[in-house]
Amino acid sequence: MAPLAPQDFTDETRAFFDRWTGGFFKDADKNPVLMTFAHHPRLADLFSQFNVHLLTTNSLPVKLRQIAIMRTAWITGATYMWSSHLNTSRLCGLEDDMYGPIQRGADDPYFTAFESAVIRATDELVRNHEVGETSWRALKSEWDDKQMLDFLFTVGAYAMVAGVMKSTKIQRAADLRELAAQFGAP
């Protein structure tokens, strides 16, 4: 599915881009994901509101949120999402040396025990659509119910979006291809 061309914008599409361009998404009207989602502006607007929560007011610590999102991107083979969140993680100040370990998984010695538990729970949720009992207990050892729900919705939303991005064949811009060349891509 090609991104919506500006000449095909409707009043509803323009309202969507007016709401989001210059805000959280900066150049929303140039973002290939939002340009593709703009084929359905009402859905794009509602999802954007939810996504902003996942990336800004989520109760998870930023590093753990990004580990969960990036692991989801890696195991679903979502190249655009992986590349985009390499950029997001770097902007959040996360270490460049964590991307290889995220690719390798929970048993990589780079991770703390809790970070490994987050990766295991992410793998379970994406692959089985359920966090196993052992992983649940490990997460609950540090997280409250609000954080558990933020984790479940973050991984769930990004697994869903991975399918949308892959199915619509959203293409990466040069800057994201360069990041993937440096840090790998699924």
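Laboratory data are not the source of any read-out in this text; all were calculated from the coordinates shown. Small disclaimer: the values here were computed from a predicted structure and weren't measured. Positions of Cβ are generated from backbone atoms using ideal geometry, with glycine treated the same way; all protein chains shown enter the neighbour counts.
Checking the cross-link filter: which lysines have an alpha carbon closer than 26 Å to that of Lys26, excluding same-chain neighbours under 8 positions apart?
Answer for Lys26, where 26 Å is the Cα cut-off: Lys63, Lys166, Lys169, listed by chain and number.
Given a Förster radius of 35 Å and the C-beta distance between Gln49 and Asp107 as r, what FRET efficiency does 1/(1 + (r/R0)^6) yield to the nearest 0.05? Working shown, then result.
Numbers: r = 37 Å, r/R0 = 1.05.
Working from the Cβ atoms, E equals 0.45.
Taking one equal scatterer on every alpha-carbon of region 7-56, how large is log10 of I(q)/I(0) by Debye at q = 0.20, 0.22, 0.26, 0.32 1/Å?
-0.58, -0.71, -1.00, -1.45
Of Ser84, Phe50, Leu125, which is farthest towards the positive pole of the chain's charge dipole, taken about the Cα centre with +1 and -1 on the beta-carbons of Lys, Arg and Asp, Glu respectively?
Ser84
Based on alpha-carbon centroids, what's the gap between region 141-186 and region 4-63 in Å, whole number please?
Value for the Cα centre distance between the two parts: 16 Å.
Take Arg137 and Asp175, extend 7 Å from each Cα along the Cα→Cβ direction, and tell me the distance between the two endpoints in nm.
Label-label distance for Arg137 and Asp175, simple model: 4.6 nm.
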